[in-house]
Number of protein chains: 2
Amino acid sequence: MINREYLAMLGNKSVIRELSEYATARGKEIGYENVFDFSLGNPSVPAPDRYRDISIRLLQEEEPLKLHGYNPTQGDPRVKEKVAESLRRRFGLPYTPSMIFPTSGAAGAIAHALRCVVEPGEEVIVFAPYFSEYDQYVGRTGAKLRVVPAKTDDFQINFEAAEEYFNEKTAAVLINTPNNPSGAVYTEETLRRLAQVLTAKSARYGHTIFLVSDEPYRDIVFDGKTQAYPAKFYPHTLTCYSFSKSLSLPGERVGYVAVCPDCEQADKMVPMMGQISRGIGHNCPSSLPMLAAACCLEDTSDLSVYETNMNLLYDTFRELGFTVPRPGGTFYIMPKALEEDAVAFCRKALKYDLVFVPGDGFRAPGFFRVAYCVDTEKVERSLAAIRRFVEAEYPDR
Amino acid sequence: MINREYLAMLGNKSVIRELSEYATARGKEIGYENVFDFSLGNPSVPAPDRYRDISIRLLQEEEPLKLHGYNPTQGDPRVKEKVAESLRRRFGLPYTPSMIFPTSGAAGAIAHALRCVVEPGEEVIVFAPYFSEYDQYVGRTGAKLRVVPAKTDDFQINFEAAEEYFNEKTAAVLINTPNNPSGAVYTEETLRRLAQVLTAKSARYGHTIFLVSDEPYRDIVFDGKTQAYPAKFYPHTLTCYSFSKSLSLPGERVGYVAVCPDCEQADKMVPMMGQISRGIGHNCPSSLPMLAAACCLEDTSDLSVYETNMNLLYDTFRELGFTVPRPGGTFYIMPKALEEDAVAFCRKALKYDLVFVPGDGFRAPGFFRVAYCVDTEKVERSLAAIRRFVEAEYPDR
């Protein structure tokens, strides 16, 4: 017999995936350029030329046995050194290579970080809205995901509601800032208050509650601002990073976990991740993409496109009367739908070839996500369609 | 608190890893060229030039957004098509792309294949000697590993001993041919008999027992022979492959699972693997290395070196009076130690700067593994050291 649990999952199709498939099919009818597909978070600006040039140089100049050989269980020392040095310089925390664990993207990073700090039967708290894959990431560690409802005025953390979610089983809190799906950038104030809450709850329950901070959108922040660095506010932080968004490399699956130097048992974490990887089949990220990315720590793709797109959409949504927190970063915006049922709202939008994702899957019912990692020219063309949709379907808004 | 199970694993250092570290340290004293380090299974012949050339061409000619973009959950269609076509042609089974799941090396392949066909509490049978990481690969699925003792005259399968290991909980059998650590190549006769046993036991216990076949050494076979293809003998086979050895790319982590077309519920397996990857943080292998490897399905590194090395060592061991089954493939040979305690034997060998791995970890106590993926020149120099070691330590053998 085959595994019944995974077999049962085949029935549950991802809403995002279904909408994306709809968009592709519709594209075949009317031309994909005419489908305003805002469903998927796939970067729309190419990787920097330097990433390509460095990859080619490594292939041409490095000894193949060394370039493509097995890495140590805890990762390529060159990569660890470069990442630690960059984090030290950028964020002023004394990272050393032994605190860096290279991974297969953020998914791999979170898989390892969570398994370090939670045990089956414990609980992990997340704040809505959150990336829906967290259900799997947390569920497969044997821990239980507890979801604190969203603070829908600005998508910062709903601390009042959070109060009752902490208990003696709370092992970790998992945050994502800048946030997918809301575009919110947690402020210093939010992170300071979160640290206070975690410190108080750790004291109350007699064990450290760890912070797992998922930061693939760290470098996509608008208005000339930067993302405050969560590990600076709370020492027991495992920072999960991916180069998917900053270097537009989602398919290459490269990222890392950085264990905060002052984290409880910091020196044990990376060796534990080495052990964890044996049982889940990871054994380090791919050598060449990881090494090339580590040589591009100061580079990014042209991320300014996302800010341009955000402003176009934000202004239009506002003008049309939407309630919509202004995103501080990412390539997502999350307005309130014009009727209570965001699924019905998104279904109506499809008639205008607008593909939005209902917020229900992100635990923000009544809202919808717009992923604007598409060409600006297409975003511009979409504005008229949004206007037509809203004026025709919600004339009395 | 951090996870106690993984924390406890930090104490158990791998014997292979310790020996390899010893060899490196000793190398710093006397020059690594003077340490006959036969501890690690890291390929010693470079990747083919074509792999490098194709990688560079892909980087230069493919659109970066497409080359480095997210792959579908079930893998890059181009990779799946190429692998299916190659397997059809080589082995005459009607594979289609939907039966191929690209993975992060063989470790990733086995992680997914096992989770498809076993459930926690069930049992997986392996035949000693076996790659010691299987303990982790199987253990972390929640299933129990059952180890059938070795057939030490030729390291084929010990069918007599196997009889009592099957029961109603047996979900799968995990084989590895050509075999690490013994170098044995399972014969057609062995695979036919294994299929008969699996068919009979499946009937007896009322459920299909699956075969997970780990084949990273498929292309390293000696004497002009080839490895018989296990899935041709038993339909309920999930074949796990890695390009680590054939293309000398262990650090790039690329491989696949191929689900035999006649396997029970064959159409469900790859979609299930897509679900499995969400929970263990995989999300496809890296795009560029996987695509480049899939363009090199007809290529290999210069694997003839391993046969040359094997013959040098085999002849010397024979001449010195060792009992040693002749390897049919891989880059390993597994002679019987000259005293009962192979650990003591290997410790004595270190005095002669010979680094061998005791068979205990592979569940072949009394034997030792010699990994001859080293330069032939070094193997030639090692022969005198082996001779000195044996003549000095075991004069009365």
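The values are calculated or read from the model by the stated rules, or taken from the named source; none is laboratory data. Bear in mind the structure is a predicted one, so any value in this text is a computation, not a measurement. Reconstructed Cβ throughout: ideal geometry from the backbone, glycine too, with neighbour counts over all protein chains shown. Only protein heavy atoms, including side chains, enter the accessible area calculation; ligands, DNA and RNA are left aside. Shrake-Rupley method; radii C 1.70, N 1.55, O 1.52, S 1.80 Å.
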Do you know which residues across the range A:152-163 are crowded, with 17+ Cβ neighbours inside 10 Å and more than 16 Å from A:Val197 (Cβ to Cβ)?
-> A:Thr152, A:Phe155
Within the range A:251-295, how many residues are in contact (Cβ under 8 Å) with a residue 24 or more places away in the chain and assigned to a loop (DSSP other than H, G, I, E, B)?
-> 13
Out of all the residues in the range A:140-147, is one or more touching a His at 6+ places or on another chain (Cβ under 9 Å) and hydroxyl-bearing (Ser, Thr, Tyr)?
-> no
Can you name every residue in the range A:102-113 that is under 22 Å from A:Ala228 (Cα atoms) and either part of a loop (DSSP other than H, G, I, E, B) or more than 7 Å from chain B (Cβ to nearest Cβ) (or both)?
-> A:Ala106, A:Ala109, A:Ala113
Counting just the residues of the range A:323-352 that are among the basic types (Lys, Arg) and in a helix (DSSP H, G or I), which one comes out farthest from A:Ile16 (Cα to Cα)?
-> A:Lys348
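Conditions tested, residue by residue: (1) buried (at least 21 other Cβ atoms within 10 Å of the Cβ); (2) under 16 Å from the mean Cα position of the chain (by Cα).
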| residue | (1), (2) |
| --- | --- |
| A:Val83 | yes, no |
| A:Thr96 | no, no |
| A:Glu133 | no, yes |
| A:Val138 | yes, yes |
| A:Ala143 | yes, no |
| A:Ala150 | yes, no |
Applying the selection to the range B:303-322, what residues are in contact with a Phe, Trp or Tyr (Cβ under 7 Å, 6 or more places away or on another chain) and either surrounded by fewer than 19 Cβ atoms within 10 Å (Cβ to Cβ) or assigned to a loop (DSSP other than H, G, I, E, B) (or both)?
-> B:Glu307
Quick check: is even one residue across the range B:223-236 on the phi > 0 side of the Ramachandran plot and more than 7 Å from chain A (Cβ to nearest Cβ)?
-> yes
Matching residues in the range A:248-287 - criterion: being over 21 Å from the mean Cα position of the chain (by Cα), among the small types (Gly, Ala, Ser) and at the interface with chain B (Cβ under 7 Å from one of its Cβ atoms) | A:Gly279, A:Gly281, A:Ser287
B:Gln196 versus (1) within 29 Å of B:Phe356 (Cα to Cα); (2) open to solvent by 30 Å² or more (accessible area, probe 1.4 Å): which is the lone unmet condition?
-> (1)
Considering each residue of the range B:30-50, count those that are open to solvent by 70 Å² or more (accessible area, probe 1.4 Å) and more than 28 Å from B:Asp360 (Cα to Cα), and give that number.
-> 2
Name the helices (runs of 4 or more DSSP H) wholly within the range A:1-90 that hold at least 3 residues that are more than 14 Å from every other protein chain (Cβ to nearest Cβ) and either of a type in the set (D, E, K, R) or touching a strand residue (DSSP E or B) at 6+ places or on another chain (Cβ under 6 Å) (or both)?
-> A:15-30
Across the range A:17-29, which residue is nearest to the chain's Cα centre (by Cα) among those that are more than 28 Å from B:Ala292 (Cα to Cα) and surrounded by fewer than 18 Cβ atoms within 10 Å (Cβ to Cβ)?
-> A:Glu18
Out of A:Tyr352, A:Tyr332, sole residue that is open to solvent by less than 30 Å² (accessible area, probe 1.4 Å) and either under 30 Å from B:Ala109 (Cα atoms) or more than 10 Å from chain B (Cβ to nearest Cβ) (or both) = A:Tyr332
Which numbered condition trips up A:Gly69, out of (1) closer than 23 Å to A:Thr177 by Cβ; (2) open to solvent by less than 10 Å² (accessible area, probe 1.4 Å); (3) of a type outside the set (Phe, Trp, Tyr)?
-> (1)
Taking the condition over 16 Å from B:Asn309 (Cα atoms) and hydroxyl-bearing (Ser, Thr, Tyr), does B:Tyr394 pass?
-> yes
Across (1) surrounded by fewer than 24 Cβ atoms within 10 Å (Cβ to Cβ); (2) without any contact (Cβ under 8 Å) to a residue 12 or more places away in the chain, B:Lys201 clears everything bar (2)
